[in-house]
1. Residues with beta-carbon under 9 Å from that of Ala33, excluding Ala33: net charge, scoring Lys, Arg +1 and Asp, Glu -1?
2. Which whole-Hz ³J(HN,Hα) couplings does the range 56-69 yield from phi under the Karplus relation 6.51 cos²θ - 1.76 cosθ + 1.60, θ = phi - 60°, glycine and proline marked x?
3. So how do Tyr56, Tyr49, Tyr63 rank on accessible area, 1.4 Å probe, biggest first, that is with the largest at the start?
4. Summing +1 for each Lys or Arg and -1 for each Asp or Glu, what net charge is found among the other residues whose Cβ lies under 13 Å from the Cβ of Ile69?
5. In the range 20-63, what trypsin sites (Lys or Arg not before Pro) fall in a loop by DSSP, with at most 13 other Cβ atoms inside 10 Å?
Amino acid sequence: MNRLDTADARRDTKFIEAVLYSPEGISFAFNIARLRESQRMTVEAMSMYTALVAKYPDYTACYIRLGCI
């Protein structure tokens with residue numbers, strides 16, 4: 001992973017953390033994770049799904065996506 005990839009991952013993590021604390025942000029964060037998954041950025045997608053599950057353990061769609069990856 002080069003320096004730009006690391007910066008992107010750090011930015012994405014901060015963005016997702018900010019989104020997780022807003023009620024409407026849950027779906028938004030899930031959709032960003034789906035986008036990362038479709039871009040074959042599976043590590044990033046998995047970390048986003050895991051963050052969502054940690055905050056919202058009843059969000060079953062994340063478990064399904066993690067199982068598919």
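1. Around Ala33, the charge tally is +1.
2. Values per residue, Gly and Pro as x: 10, x, 8, 7, 5, 4, 5, 4, 4, 5, 4, x, 6, 6 Hz.
3. Accessible-area ranking of Tyr56, Tyr49, Tyr63, largest first: Tyr63, Tyr56, Tyr49.
4. So the surrounding residues net to +2.
5. For trypsin sites (Lys or Arg not before Pro) across the range 20-63 that sit outside H, G, I, E and B with at most 13 neighbouring Cβ atoms in 10 Å, the list reads Arg40.
The values are calculated or read from the model by the stated rules, or taken from the named source; none is laboratory data. These numbers were taken from a predicted model, which means no experiment stands behind them. Here the Cβ is made from the backbone with ideal geometry for all residues, glycine too, and neighbour counts use every protein chain on show. Quick note on the areas: whole protein, heavy atoms, side chains included, nothing else; ligands and nucleic acids left out. Shrake-Rupley method; radii C 1.70, N 1.55, O 1.52, S 1.80 Å.
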